[in-house]
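Structure first, then comments.
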Amino acid sequence: MAEIQFSIVFIKDKKDNIQVKEGLEAFIGERVVLCLDRNNPADAWAVKALLPRHVAFVRKEDSIDGIYDLVGRQKISPVARITGLSDYRYCLSAKVEYEGETPKRLDKLAIHSQWEYGGPVFNTITEIEELNEAADYLVAMFSNKEANYENIKPWFDKYVDNLKYGFTNDFRDKKNLIDNLLKVYPDERVKSLRQRLIEISSSLHSKKTIEQAFFFIIKKLKKQIRGEFKHDAMQFSISEMVNQIESFPSRLTKGNAKVLPQRVFYETMSEEVFNKYVSAYALLCYLREEMAKGNNVKRKPGRPKNEKKEPCPILKHIVGNSSFRNSWYIFIGENLKDKMNEEAGYTMKAFVDCGVLDCARYRIVKDSFGDIGTDRIYNKALKTVPEKYQGQYDYLYMTIKKKKEEMLSSM
């Protein structure tokens, strides 16, 4: 009989969904049933821990170390026992016993590495470079017992300050290694730093922290594009980048795009694949912003300036099989009918985001469908969906995706 030890987090009451933070000692000795949470919107590989009146989750770092495989291969869900309080805030320690072969570590790295991305991979941002340097320094000094408080503190501060940018499996492995090395380090002053690492690690799972870190990375990459890669970036179209992002072998782009940062955070992704994915996403964001501004509109050589406008210029920007263009044109018109300003903007954004249109510039849409309000308000909503319209946008996005799938299946 073998066992796996792990931590349980996010203990919630089944009735009112309130997270339990106090009185965790009362759970010690309880039995918990482990099962896969296949419909988890943020983490497709989450493992639930069911208590008599509460629902919790196996800590992410522990689920990829054998728990997921163990639970997934059992016909009857395994039962674990809570053994005490975890070092991590609001967490409990538990263990599960099993017979048979040792569960393998969940490995999606090979699958993700097969993803083909044809765009540029931008330079790693400074904060992630510093995180890598600090992690390497700490591991080396702790392993060789060369660390003292004075030589380790500056690098430790840099490490924990940038830890929120460590989305990849490589960073999680190093964090666990540093935690284990600190736990047994002979110098008590150095060992005392572990408490700060535990507190920081607990905060990393906050939705706000994940979103801020992810979009900070995207913002820094877009700044690189504008400064160094602008010419290369303009060789790609929005539809190209949407297709490449959607080809990623996971559920990252399915459903509500607002949970994308969390889904990326909970993926088991190598640093190489992560760099490619955020480069693709940053490039897509950059292209959409430039399209909204109209900055990449180039006049064809020799075309007269006073050339007569086409009655339906949007038709040229409908992506895919030409036989479906009229159907899409009618469908777009139906959804855009009587919509102005912000409503028109988020409506056309949904068609661009779904890859139906490669752009939806104000003048193109206005010339094709008539008055849609002012360009400033329209472009603002085309760039970012106003919060009050997020529900309508999500519903429209899913409707368009469904229609697109139906059209493809009819070919």
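The values are calculated or read from the model by the stated rules, or taken from the named source; none is laboratory data. None of these values were measured; they are calculated from a predicted model. We place every Cβ from the backbone using ideal geometry, glycine too, and count neighbours over all the protein chains shown. The accessibility values were calculated without ligands, DNA or RNA, using every heavy atom of the protein model including side chains. Shrake-Rupley method; radii C 1.70, N 1.55, O 1.52, S 1.80 Å.
Based on what the data block shows, is Asp367 of a type in the set (D, E, K, R), over 20 Å from His317 (Cα atoms) and open to solvent by less than 60 Å² (accessible area, probe 1.4 Å)? Write out each step before concluding.
Numbers: of a type in the set (D, E, K, R): yes; over 20 Å from His317 (Cα atoms): no; open to solvent by less than 60 Å² (accessible area, probe 1.4 Å): yes.
No.
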Worksheet item: Is it true that some residue in segment 92-99 is within 24 Å of Thr168 (Cβ to Cβ), touching a Ser or Thr at 6+ places or on another chain (Cβ under 9 Å) and not aromatic (Phe, Trp, Tyr)?
Response: no
Worksheet item: Any chance segment 141-153 includes a residue that's open to solvent by less than 10 Å² (accessible area, probe 1.4 Å) and either under 21 Å from Leu204 (Cα atoms) or touching a Gly at 6+ places or on another chain (Cβ under 6 Å) (or both)?
Response: no
Worksheet, complete the sentence: Pairs returned, first residue in segment 187-214 that is without any contact (Cβ under 8 Å) to a residue 60 or more places away in the chain and farther than 16 Å from Thr168 by Cα, second residue that is of a type in the set (Phe, Trp, Tyr) and part of a helix (DSSP H, G or I), beta-carbon separation under 7 angstrom, 6 or more apart or interchain, are Arg189/Tyr149; Val190/Tyr149; Leu193/Phe156
Worksheet item: Which of (1) open to solvent by 70 Å² or more (accessible area, probe 1.4 Å); (2) part of a helix (DSSP H, G or I); (3) modelled with pLDDT under 85 is the odd one out, the single condition Met411 does not satisfy?
Response: (2)
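Inside segment 315-388, counting only helices (runs of 4 or more DSSP H) that do not spill past its ends, which hold 2 or more residues that are under 29 Å from the mean Cα position of the chain (by Cα), modelled with pLDDT under 85 and of a type in the set (D, E, K, R)? Please lay out each step first, then the result.
Numbers: elements: 325-336, 341-353, 362-369, 375-383.
By residue number, no helices (runs of 4 or more DSSP H) qualify.
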Worksheet item: So which residues in segment 213-264 are under 30 Å from Asp161 (Cβ atoms) and among the aromatic types (Phe, Trp, Tyr), if there are any at all?
Response: Phe214, Phe215, Phe216, Phe229, Phe248
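Would you please name the residue that is surrounded by the most Cβ atoms within 10 Å (Cβ to Cβ), looking only at residues in segment 57-94 that are assigned to a helix (DSSP H, G or I) and hydrophobic (A, V, I, L, M, F, W, C)?
The first filter runs over segment 57-94 and keeps only residues assigned to a helix (DSSP H, G or I), leaving 60-73.
Keeping just the survivors that are hydrophobic (A, V, I, L, M, F, W, C) gives 64, 67, 70-71.
Working: Ile64: 22, Ile67: 26, Leu70: 20, Val71: 23.
Here the residue is Ile67.
From the list Lys153, Lys174, Lys158, Lys145, pick out the single residue that is within 21 Å of the chain's Cα centre (by Cα) and either under 27 Å from Lys220 (Cβ atoms) or touching a residue at least 40 places away in the same chain (Cβ under 8 Å) (or both). Quick ask: steps written out before the conclusion?
Details: Lys153 fails: within 21 Å of the chain's Cα centre (by Cα); Lys158 fails: within 21 Å of the chain's Cα centre (by Cα); Lys145 fails: within 21 Å of the chain's Cα centre (by Cα).
When all the criteria are applied, what remains is Lys174.
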Worksheet entry | Odd one out for Leu260, checked against (1) open to solvent by 70 Å² or more (accessible area, probe 1.4 Å); (2) assigned to a helix (DSSP H, G or I) | (1)
Discussion item. Can you tell me how many residues within segment 96-105 are in contact (Cβ under 8 Å) with a residue 24 or more places away in the chain, surrounded by fewer than 14 Cβ atoms within 10 Å (Cβ to Cβ) and more than 30 Å from the chain's Cα centre (by Cα)?
Written reply: 3
Practice prompt. Starting from residues that are surrounded by fewer than 20 Cβ atoms within 10 Å (Cβ to Cβ) and among the small types (Gly, Ala, Ser), keep the ones in segment 217-238 and report whichever is farthest from Ala360 (Cα to Cα).
Written response: Gly227
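Going by the structure shown, is Lys183 out of contact with any Leu (no Cβ under 7 Å at 6 or more places or on another chain), over 30 Å from Ala110 (Cα atoms) and surrounded by fewer than 18 Cβ atoms within 10 Å (Cβ to Cβ)? Spell out how you get there, then give the answer.
Numbers: out of contact with any Leu (no Cβ under 7 Å at 6 or more places or on another chain): yes; over 30 Å from Ala110 (Cα atoms): yes; surrounded by fewer than 18 Cβ atoms within 10 Å (Cβ to Cβ): yes.
In short, yes.
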Worksheet item: Mind checking which residues of segment 142-185 are under 21 Å from Val264 (Cβ atoms), not hydrophobic (A, V, I, L, M, F, W, C) and not in a helix (DSSP H, G or I)?
Response: Gly166, Thr168
